[in-house]
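What follows is a single structure, written as structure tokens, with notes after it.
The values are calculated or read from the model by the stated rules, or taken from the named source; none is laboratory data. Bear in mind that the values here come from a model prediction, so they are computed numbers and not experimental data. So basically every Cβ, Gly included, is an ideal-geometry build from the backbone, and we count neighbours across all protein chains shown. Protein only, heavy atoms only, side chains kept; ligands, DNA and RNA dropped before computing areas. Shrake-Rupley method; radii C 1.70, N 1.55, O 1.52, S 1.80 Å.
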Amino acid sequence: MDGFIRFTNQTQGRDRLFRATQYTCMLLRYLLEPKAGKEKVVMKLKKLESSVSTGRKWFRLGNVLHAVQATQQSVRATDLVPRLCLTLANVNRVIYFICDTILWVRSVGLASGINKEKWRLWAARHYYYSLLLSLARDLYEISLQMEQAAHDRAKREKSLSQEPLGYSVADEETEWLQSFLLLLFRSLKKHPPLLLDTVKNFCDILNPLDQLGIYKSNPGIIGLGGLVSSIAGIITVANPQMKLKMH
């Protein structure tokens with residue numbers, strides 16, 4: 001209970017819970033809409049989704065400062081690739097949150113002359129760039145872990161003095177694919193923060209891909225992706241050790 005109280009006392013924790021609720025409503029609405037007699041339930045889910053989405057906008061108002069702070073921290077990363085990817089990703093997050101704040105100002109009626117569609121498109125574009133760069137960083141980290149796993153495996157095989165067997169070309173291709181998948185599995189299994197971050201970014205990118213028309217999806221897939229991403233976010237907020245660290 002104490003852990004849950006600490007979690008909900010954090011702005012990020014409350015936002016993750018609201019986000020999970022929002023995308024759960026989206027997913028359930030998509031599943032129930034084709035069924036007869038579920039109109040009232042679908043309408044309630046739609047209203048709840050809208051209310052939760054509006055509530056989340058309040059939590060995001062201070063995220064511009066958080067993104068600026070994250071940019072300053074990422075500049076100090078020692079490895080060039082993560083430093084470049086994370087810095088550019090955070091810069092795009094700053095622009096995204098600025099666009100998001102402007103959309104919030106328009107939604108509450110403080111400025112009616114704002115072009116909603118234009119700012120929404122800009123927000124989606126910079127959110128997409130941020131996630132794309134974050135995924136590039138994840139892939140780089142995965143490649144490093146796989147390289148290390150391959151090196152450790154080669155050392156073990158050498159110590160056991162195992163001689164490679166003769167394979168046909170087809171066998172070699174199958175063996176290569178199996179080895180690649182095994183290395184990938186072992187690398188992610190040994191580094192849960194990297195797995196969580198990769199899953200989260202991959203699921204999150206489905207939404208801007210749909211908004212920008214790059215890859216059209218449906219509310220069911222977006223809702224499922226958002227829910228999985230929210231659960232990954234909840235885990236990292238509840239257990240900071242599961243957050244992918246910079247190096």
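Miscellaneous remarks
- Over the range 179-245: Kirkwood hydrodynamic radius from C-alpha pairwise inverse distances, Å: 13.0
- Rounded to 10°, Cα long-axis angle of helix 63-74 versus longest principal axis of the chain: 20
- With a threshold of 32 Å on the Cα-Cα distance, the over-threshold entries among K118/K189; K57/K216; K46/K189 are K118/K189; K46/K189.
- Surface exposure of the chain, expressed per residue as accessible area with a 1.4 Å probe, stands at 62 Å².
- Ligands, DNA and RNA excluded, the heavy atoms of D152 present near 50 Å² of accessible surface to a 1.4 Å solvent probe.
- Choice from F180, F18, F59 showing the highest fluctuation, given a GNM over the chain with Cα pairs closer than 10 Å: F180
- Computed magnitude of the charge dipole of the range 79-122 (debye, nearest 20; Cβ of K, R +1, Cβ of D, E -1): 120
- Rounded to the nearest 10 Å², the accessible area of K35 at probe 1.4 Å: 120
- Residue of M43, M146, M26 that the Gaussian network model of the chain assigns the largest fluctuation, springs spanning Cα pairs under 10 Å: M43
- Highest mobility in the GNM of the chain, judged by mean-square fluctuation with C-alpha springs under 10 Å and restricted to G223, G109, G233, is found for G109.
- Helix axis angle, 116-159 relative to the chain longest principal axis, alpha carbon, degrees: 20
- Cα-based convex hull, the chain, per residue volume (Å³, whole number): 194
- On Cα atoms only, tilt of 169-190 relative to the major axis of the chain in degrees: 60
- Think of the range 53-135 as a dipole: +1 on every Lys or Arg Cβ, -1 on every Asp or Glu Cβ, centred on the Cα centre; then among T87, V68, W104, W104 lies furthest on the positive end.
- Taking 20 °C and 1.002 mPa s as conditions, the range 102-241 diffuses translationally at an estimated 115 µm²/s according to Stokes-Einstein applied to its Kirkwood radius (Cα pairs).
- For the range 37-143, the alpha-carbon coordinates run over 55, 37, 22 Å along the three principal axes, in decreasing order.
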